[in-house]
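Structure, as structure tokens:
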Amino acid sequence: MNSSSIQPLGRTARGVPVIGEADVVVIGAGPGGFAAALRARREGCSVIIVEKFDMPGGVHTSGLQGAANTGVGGIHTELMERFAAAGAIYTATEKELPDWAGNALSHYDYYLEPGSPFRRASFNPDAAGNIMLRMLDEAGVHAIYGAAFVDVEMQPDGGQRRITHAIIETVQGRQAIRGRVFVEGSGTAEVVARAGAPYVRGGGRQPETVTTDAQARPIPGGLLWIMSGIDFAQTAAYQKRENDPALSKLINAARAAGDIPPELYRPRLADQGVYGDHYIGHPTVDMSPIQGPGTFILWQNVPYEWALHMDDDAEHAFRAKRELRRLIDAEAAFLRKYAPGFQDAFISHVGRYVGVRDGRHPIGEYVFSIDDAREERRFPDAVTRPMTKTFFWDQYAKYTFEVPYRCFLPKEVDNLLLTGASLSFTFETIFMVMRNFPWCCQTGEVAGHAAARAIREGISPKQLRWTEPLPF
Ligand SMILES: Cc1cc2nc3c(=O)[nH]c(=O)nc-3n(C[C@H](O)[C@H](O)[C@H](O)COP(=O)(O)OP(=O)(O)OC[C@H]3O[C@@H](n4cnc5c(N)ncnc54)[C@H](O)[C@@H]3O)c2cc1C
């Protein structure tokens, strides 16, 4: 295997200056890309990773989604241990927040019996990003931050095509990185799209009337933000005293006074069958404690009706950025003016980007569907041992199933591996189930291991015969 090299290496067929080469080139350093890069490097490959923001972690750091789940093994457990050792995890329980369990304002714990014990752990997104950055450095991954992947150069390869170079945009303009195996870590299948490989646009079957691409309504994405200086005990006392669990009385008063825009705090649309009773796209005060008393993460979701394709429609992406910042300001102003406990609160962070929940779904050599989960199918090329997950989409049914390696192999491209939210899954399986942080880390490790084996054996990832699940 080569060692990665960052040095002028001539020009690509299209004349783009080549600035480096590696065995494995990873695009995007979210949980999927990060774990893929680390695993491939630890298995001896040279690795270059390209990330458009200034740290790894994706939605979970740059996007402020700091939920700290219990370690599921491998790099995910290592991350949780490193975050904890650095004091970057805050754990709230009924001792700190006696009125949190079952509270209508809670993002994760609203369904608990009021007053019951709970444990909610969140990591500090910036501290976590710094640790992830250090882990890549320690392993010897060459990370390029602040550079956007914009294109690929490719060559025919038998009946397929292979990527020869990733084209990135840096402060010096367009530059190329040569690689043997490429990893899709963008979270929105951008490499797949630029490589001209097939995918389905975001926008699932909800509402049932969707028949054309133009009618498709992607599951709304969201921009997370952090508010500090909240005295939640005061809020809880108000909720009880006025019997106003969801702050509806305050919201109505603010609406009557013209103090909040109509897109904010709409009633849940459950009776219309749109995403059931879920919060997504039905803005409501939606928060989770982070980093000590008084500081909470809040979710600002794109209203469902806007039906934005933020991953592949530039105008939609611009609109989401503009409008969500406007809604954050409006929400913060409302809370400060009307909600007891928020009078001294302030916006302390806004995520660096709007997270896309339902972007492109690549079509791989196998497309994992909800029936694979329902029928608990087994596969000879299962990437992990059977896992049990709860499917929100299926009335919270629990299934124990396996995922085949072929879901990591996009059709038509021979040397690209998928990870994270860009696996070859149908949207109802990826949505709320198979796109969580732990699984995205695991998929990254699968891809990193597959890349390293392919390099060692001198074959392409598609020629690799996967027979042993990774032991997580
Ligand atoms: C609003 C929201 C809330 C969520 N809530 C939860 C939750 O509570 N719990 C949970 O477990 N999961 C949650 N998820 C899901 C989870 O965050 C994602 O599915 C997961 O982060 C996907 O990992 P990924 O590595 O595929 O992509 P991402 O985390 O999206 O990371 C992709 C990375 O690639 C980079 N990138 C993208 N394009 C380029 C480019 N062109 N050039 C260079 N770099 C690029 C991005 O900057 C980013 O760092 C949420 C997702 C969203 C959007």
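The values are calculated or read from the model by the stated rules, or taken from the named source; none is laboratory data. Since the structure is predicted, the reported quantities are computational estimates derived from the model, not experimental observations. In this analysis, Cβ positions are derived from the backbone assuming ideal geometry, glycine residues included, and neighbour counts consider all displayed protein chains. Only protein heavy atoms, including side chains, enter the accessible area calculation; ligands, DNA and RNA are left aside. Shrake-Rupley method; radii C 1.70, N 1.55, O 1.52, S 1.80 Å.
Below, the figures for the structure above:
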| quantity | calculated |
| --- | --- |
| Per residue accessible area in Å² of the range 138-264, where ligands, DNA and RNA are left out and the probe is 1.4 Å | 43 Å² |
| The chain: relative contact order as a whole-number percent, Cα under 8 Å and 6+ apart | 20 percent |
| Relative packing of 443-453, 330-340, which averages over residues the other C-beta atoms within 10 Å, highest first | 443-453, 330-340 |
| Counted charge near T295, where neighbours are those whose Cβ lies closer than 14 Å (Asp, Glu -1; Lys, Arg +1) | -3 |
| Table column - 3J(HN,Hα) (Hz), the range 220-229, Karplus curve with 6.51, -1.76, 1.60, x for Gly and Pro | x, x, x, 10, 8, 9, 10, 10, 10, x |
| Among A84, V50, G71 the positive-end extreme of the charge dipole of the range 35-115 (Cβ point charges) | V50 |
| Table column - 3J(HN,Hα) (Hz), the range 376-383, Karplus curve with 6.51, -1.76, 1.60, x for Gly and Pro | 6, 5, 10, 10, x, 10, 4, 7 |
| Kirkwood Rh in Å, taken over all unlike Cα pairs in the range 355-406 | 12.1 Å |
| The range 247-388: translational diffusion in µm²/s, Stokes-Einstein, Kirkwood Rh over Cα pairs, 10 °C, 1.306 mPa s | 87 µm²/s |
| Under-5 Å amide H pairs with D157, H placed in peptide plane, nonlocal only | R162 |
| Local net charge near A92, Cβ-Cβ under 14 Å (Lys/Arg +1, Asp/Glu -1) | -1 |
| Amide proton proximity set for V413, modelled H, under 5 Å, gap of 5+ | R161 |
| Accessible carbon and sulfur surface of the range 133-254 relative to its total accessible area, %, 1.4 Å | 49 percent |
| Relative packing of peptides 341-347, 409-415, 7-13, 246-252 - highest average C-beta neighbours within 10 Å first | 409-415, 246-252, 341-347, 7-13 |
| Within the range 1-158: Cβ-based charge dipole about Cα centre, in debye rounded to nearest 20 (Lys, Arg +1; Asp, Glu -1) | 180 debye |
| Cross-link partners of K398 among aspartates and glutamates (Cα-Cα below 16 Å; sequence separation of 8 or more within a chain) | D371, D372, E375, E376, E428 |
| Cα gyration tensor of the chain - equivalent ellipsoid semi-axes, whole Å, descending | 39, 23, 22 |
| Long-range HN-HN contacts of F425 with modeled amide H, under 5 Å | F368 |
| Subset of K389/K411; K249/K389; K321/K462; K95/K249; K52/K411 violating a 32 Å alpha-carbon distance limit | K249/K389; K321/K462 |
| Pairwise Cα inverse-distance average, inverted: Kirkwood Rh of the range 375-445 (Å) | 12.7 Å |
| Under Karplus coefficients 6.51, -1.76 and 1.60, residue-wise ³J(HN,Hα) of the range 54-66 in Hz, glycine/proline x | 9, 7, x, x, x, 4, 7, 10, 4, x, 6, 7, x |
| The chain - share of DSSP beta bridges that are antiparallel (%, nearest 5) | 65 percent |
| Cα-centred dipole magnitude for the chain, charges only on beta-carbon of K, R (+1) and D, E (-1), debye, nearest 20 | 560 debye |
